[in-house]
Amino acid sequence: MPWQEGSILDMCATTFEDQFAAAAFALIVSRQNGKGGVLELRVIAGVTLPQFGEKRIIWTAHTAKTARDAHKRVADIFLSHPDLKARLKYGDERGITYGNDIRTITLKDGSEIFFFTRSATAGRGLFGDLLILDEALELTDTELSVLRYTLRTAARRTGRRAQTIYVSTPPDEEKHKHSLVLARLRKRALAGARGVGWVEFSVPTLKELQEAAEEQGRKLLGDPRLTEETYWPLGNPSLGYLFDLGQLQNDLVESGEREFLVEGLAAGDYWPDPDPKGHGDPAIDFEVWKDRRDPASVFGAAVTVGPVALGLEVSPRDIATLCAVGWRADGKMHGELVWSGPATAAVARLLQVVDKVDPATLVIDGKGKASSLIPDIRAKGLEPQVLTPGDRSRADEGLVRDIVSGQLRFPAQPMPDVDAAAEQATWRSTGDLRFFDRGASGAPPAPLVSLSLARIGLLTVAASPPEPPPAKALPLDDVHTPAGTGGFGGVLEQVDAGSAQW
């Protein structure tokens, strides 16, 4: 169908450097329009066409039934086409497996397509060159965190950095509690974020129609999308190919208005708002935050001096973040995200970081989810600094103060998780105390909280940058000064002034 062809061409567009123009690509369309057909073509091209050269494709879905159905559709295509069937391992259906947890299609050259259900651990230990996220309206942060790292080494096999493809109908915020991941991607796409591709077939929102009517001096009565069938093709590009208007009329009668708008017309009225602004006082001026990115700010002997402090925080969705803060030689502080991943892996990764950087302290909020990790951390011989609510409030307030003053700097390269948290962070007040609000909608503030914890930890062990070592004086007694030349004159005649320290 024409819309499928256009979508696949947009999806596969590349830059002059032969990288995918959209590292993250999303396709949003209402139910039963054939979005799976776009994915089928993409994955078959990925493992058969040399310009893709993808050795392993990972296709995930929210339910086992959807994953099994996708596997069957792609397998049927391979088995029904002689040239494709000949590419299968052994040249026949023996190249297709039907396991309970994971199903595969394997080619003679070793290329594979894996199909499985997403979970908090599914995909760990695998590598991939393309990631398909079907039913993306039910994608959680934990699932995405596990899966996104399967793609890190793709460029070594394909010459291109891997692509992640999200496919879904629009969510309804009342029914789909895990749709914030997709909603955040949509927000970035609408803002024109580089590297994000978004194709959406949907009817206008009721708010958009009302605003358009007001501009024309009219007042909108009711919802014309439910009564005027001229809107319906906008959310159904396969209308006339796979079904007719009569079927959509039946859908409206049987499903009810709200469900028909979301499932049948892909209306965007009920997307969750990933931006908490308007639901609380913004904690950070994001323009100021961006100005604190500093090309000269990195961890290393040439820039940072003295001890390093770590902060550990866990989000409501069990994603752990570990940030580090240290003093720079110029008296400012440097902070950055060290690691982010499932909370179940936090202690093991913490030990690796501790072994590498030998931090002076580790700070955890005693009232946060990371506090559940304290017994495991102590069992490994580490004693974290645990903050009280008052300490945590001072930590968050102090972090913002140092950002505003320019005392705290960050790496020049954006840190997406921390940046999103900083952009959307709001205050929550309890009595006289203020904290970054963990319960706000939008990007979780966990990365920002861990940065706050690391900063206050550094000030606990080193309230100011270490004094530089004293200049090494040249031992004049050991220098033979020719008579009549004077003290410094004699020294300069016998000492390489370019290397001498005074």
Does THR169 meet the test of being surrounded by 22 or more Cβ atoms within 10 Å (Cβ to Cβ), β-branched (Val, Ile, Thr), in contact (Cβ under 8 Å) with a residue 12 or more places away in the chain and under 30 Å from ALA266 (Cα atoms)? yes
Can you tell which of ILE44, ILE8, ILE57 is within 26 Å of TRP271 (Cβ to Cβ) and β-branched (Val, Ile, Thr)? ILE8
In segment 280-319, what count of residues is obtained for those that are among the charged types (D, E, K, R) and in a strand (DSSP E or B)? 3
Which residue is farthest from ILE8 (Cα to Cα), if the candidates are limited to segment 156-201 and must be part of a helix (DSSP H, G or I) and aliphatic (A, V, I, L, M)? LEU180
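To keep it simple, each residue is scored yes or no on (1) farther than 17 Å from ALA309 by Cβ; (2) of a type outside the set (Gly, Ala, Ser); (3) touching a residue at least 60 places away in the same chain (Cβ under 8 Å).
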residue: ALA370; (1), (2), (3): no, no, no
residue: ASP376; (1), (2), (3): yes, yes, no
residue: VAL386; (1), (2), (3): no, yes, no
residue: ASP396; (1), (2), (3): no, yes, yes
residue: VAL400; (1), (2), (3): yes, yes, yes
residue: PHE410; (1), (2), (3): no, yes, yes
residue: MET415; (1), (2), (3): yes, yes, yes
If you take the residues of segment 187-205 that are within 24 Å of PRO224 (Cβ to Cβ), in contact (Cβ under 8 Å) with a residue 12 or more places away in the chain and out of contact with any helix residue (DSSP H, G or I) (no Cβ under 7 Å at 6 or more places or on another chain), which of them is surrounded by the most Cβ atoms within 10 Å (Cβ to Cβ)? PRO204
Can GLY53 be described as touching a residue at least 60 places away in the same chain (Cβ under 8 Å), not in a loop (DSSP other than H, G, I, E, B) and not hydrophobic (A, V, I, L, M, F, W, C)? no
What residue, of ASP251, ASP273, is in contact with a Phe, Trp or Tyr (Cβ under 7 Å, 6 or more places away or on another chain), modelled with pLDDT under 95 and acidic (Asp, Glu)? ASP251
Report, by residue number, each residue of segment 1-36 that is part of a helix (DSSP H, G or I), within 19 Å of PRO170 (Cβ to Cβ) and among the small types (Gly, Ala, Ser). SER7, GLY36
Condition first: within 25 Å of GLU259 (Cβ to Cβ) and of a type outside the set (Val, Ile, Thr). Now tell me which residues in segment 190-211 satisfy that. LEU190, TRP198, GLU200, PHE201, SER202, PRO204, LEU206, LYS207, GLU208, LEU209, GLN210, GLU211
Show me the helices (runs of 4 or more DSSP H) entirely contained within segment 206-254 in which 1 or more residues are within 17 Å of VAL29 (Cβ to Cβ) and either assigned by TED's automatic domain parsing to the domain that holds SER168 or of a type in the set (A, V, I, L, M) (or both). 232-235
Candidates THR66, THR106 - the one that is under 30 Å from ALA345 (Cβ atoms), outside any helix (DSSP H, G or I) and assigned by TED's automatic domain parsing to the domain that holds VAL47: THR106
Pairing a residue in segment 71-84 that is closer than 19 Å to ASP134 by Cβ with any residue that is buried (at least 16 other Cβ atoms within 10 Å of the Cβ) and of a type in the set (Phe, Trp, Tyr), where Cβ atoms lie under 6 Å and the two sit 6 or more apart in sequence or on different chains, gives HIS71/PHE115
Quick one: which helices (runs of 4 or more DSSP H) sit completely within segment 371-466 and have at least 1 residues that are in contact with a strand residue (DSSP E or B) (Cβ under 7 Å, 6 or more places away or on another chain), more than 27 Å from ALA345 (Cα to Cα) and at pLDDT 95 or above? 389-405
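The values are calculated or read from the model by the stated rules, or taken from the named source; none is laboratory data. These figures come from a predicted structure and were not determined experimentally. So basically every Cβ, Gly included, is an ideal-geometry build from the backbone, and we count neighbours across all protein chains shown.
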